[in-house]
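Worksheet for the structure shown next.
We did not get these values from a lab; they are worked out from the coordinates using the rules stated. Remember, predicted model here, so these are calculated numbers, not experimental data. Neighbour counts run over all protein chains shown; Cβ positions are idealised from the backbone, glycine included.
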Amino acid sequence: MSFDLRSIREVSNEPQSKFVNQLAKKLSKFINEQQTEKLESKEDIYSIAQDVESVIRLNSSLSSTKQFTFLTQYFPPFEPDGVFNTCWIKCMNTGNTIRDRSTFGNIANINGDVVLVDGSPFDLGIHTGGTKSIVGKFNRPTSVTENREWLDIADNTNMAVSGISTGISYFIRFKIFDLDTMGGKARTLFEKTDDATPSNGVQCCVTETGRIRIFVKRAGTEYKWMTASSTIATDTVYELWVTYANSGNTVHVYVNNVDKTLSANTDTIAWHSDLTDKSTFVFKRGTGTEAGYLYGDLYDYMVYREKVISATEVGHHYTNKWTIADIPYGQVMVTDYWATYNESPSSTSFTSTSFTSTSFTT
């Protein structure tokens, strides 16, 4: 028996109609009891549909404008190049995922209740008014998922230390609000292992004293470094490059375009506990270790595999905020934020001699 909800109406006071209505209720109850008896479990059935939790956020204050004067000359960036830049995550949206601008398909999954905020004072150089940059805020104390917010990117060989022949480079633009350890672990900027031993992997953290600690393990050999002095302060935007070259197993750490002096590090590498998960993790240790979450803002995360970014390229990127190509600030071709540059003919061209017979010969 089936019941059409659309046919429901107020029950008539007419005796026969009231009797039919009561009879229908009893019949429905009898059929439901019969169906329940056939179930292996006698638990109540609440729904046969998928339960979904969803939310809509309106960030009305995060608006920007761009005025085109058509006087600025723009130049194409190096990224995405389709070869070396294998991952580029720009944290400018919330939801379930963030697309990979590198075109390699290394999509980042958003975990927790990450929110978008004004990224000031950082200025991307593409807006003439309003909000100059937008950033994702992770693990804020007011969040219902505090210390459960991070990004993870599925394992892919084009992001791995394993098998590199030249080197690998990482870039992360961030702001941190708390340097204290979290769950006994240093605040983690990013981490990835390539195998279950692990014999290959990378981990980058910020210590309690604001020093950058970088671990690179390649082919079973560990290379461990730390900035020689306190480098990172709270509530400050930093642009951090970490480069590793196979030749000489050389590591460089650039912070806001400064090649930092490094010292040897004797700390034991504390990888995440579930080494079967070889994803890239940003703002936490990996699966199985609920520690090292970073309370802060994430602007960008990038990987360049088989390319050791030079000090000159670091400088280019620090200047224009977008690319390692040598392009002035505000003149990088960014989709929807650049327009064709064109020079009008000089007025001196329209002289009396311009319209002589010799001027228009074929």
Determine the distance separating the Cα centre of the stretch 92-137 from the Cα centre of the stretch 251-274; give it in Å without decimals.
26
Size of the dipole of the stretch 82-320 about the Cα centre, Lys and Arg at +1 and Asp and Glu at -1 on the beta carbon, nothing else charged, in debye to 20?
280
Sort all Cα-Cα distances of the stretch 57-147 into consecutive 5 angstrom bins from zero, then give the percent of pairs in each bin up to the one containing the longest distance.
2, 12, 16, 17, 20, 17, 10, 4, 2, 0
Which ³J(HN,Hα) values in Hz, rounded to whole numbers, follow from the phi angles of the stretch 109-115 under the Karplus curve 6.51 cos²θ - 1.76 cosθ + 1.60, where θ = phi - 60° and Gly and Pro get x?
8, 8, 10, x, 9, 6, 10
Determine ³J(HN,Hα), in whole Hz, for all residues of the stretch 230-240 in sequence, where each value follows from phi through the Karplus function 6.51 cos²θ - 1.76 cosθ + 1.60 and θ = phi - 60°; x replaces Gly and Pro.
4, 10, 10, 10, 6, 6, 9, 7, 10, 10, 10
If the cut-off is 16 Å between C-alpha atoms, which lysines fall inside it for residue 321, apart from same-chain ones fewer than 8 positions away?
90, 132, 175
Explain nothing, just the number: relative contact order of the stretch 82-320, from Cα pairs under 8 Å at least 6 residues apart, as a whole percent.
26
Dipole size in debye (nearest 20) for the stretch 105-210 around its Cα centre, Lys and Arg Cβ +1, Asp and Glu Cβ -1?
260
Go through the stretch 177-185 residue by residue and turn each phi into a ³J(HN,Hα) via Karplus (6.51, -1.76, 1.60, θ = phi - 60°); whole Hz please, and just put x for glycine and proline.
10, 8, 9, 4, 4, 10, x, x, 10
When the gyration tensor of the stretch 178-261 is built from Cα positions, what are the square roots of 5 times its three eigenvalues, in whole Å, from largest to smallest?
22, 17, 10
In terms of modelled amide H atoms, which long-range or inter-chain residues lie less than 5 Å from the amide H of residue 167?
246, 306, 307
Would you list, by chain and number, the lysines whose Cα falls below 16 Å from the Cα of residue 26, excluding same-chain residues fewer than 8 positions away?
18
Would you please give the residues with an amide H less than 5 Å from that of residue 324, counting only those at least 5 places away or on a separate chain, with H modeled from the backbone geometry?
78, 79
Neighbour counts of other C-beta atoms within 10 Å: give me 87, 204 arranged from fewest to most.
204, 87
When ranked by the protection proxy of mean other Cβ atoms within 10 Å per residue, highest first, what sequence do the peptides 270-278, 64-72, 318-326 form?
318-326, 270-278, 64-72
Residue 208 and residue 287 label points (each 7 Å along its Cα→Cβ direction) are spaced in nm at 3.1
What nm value, rounded to one decimal, do you get for the distance between residue 64 and residue 250 when each label is placed 7 Å out toward the C-beta?
3.5
For labels at residue 120 and residue 27 in the simple 7 Å Cα→Cβ model, what's the distance in nm?
6.9
Is the stretch 82-320 best put as rounded, prolate or oblate by its Cα gyration tensor, with a ≥ b ≥ c the root eigenvalues, rounded for a/c under 1.5, and otherwise prolate when a/b is larger than b/c, oblate when not?
rounded
Ranking 121, 249, 293 by how far each Cα lies towards the positive end of the charge dipole of the stretch 82-320 (+1 on Lys and Arg Cβ, -1 on Asp and Glu Cβ), the top one is 249
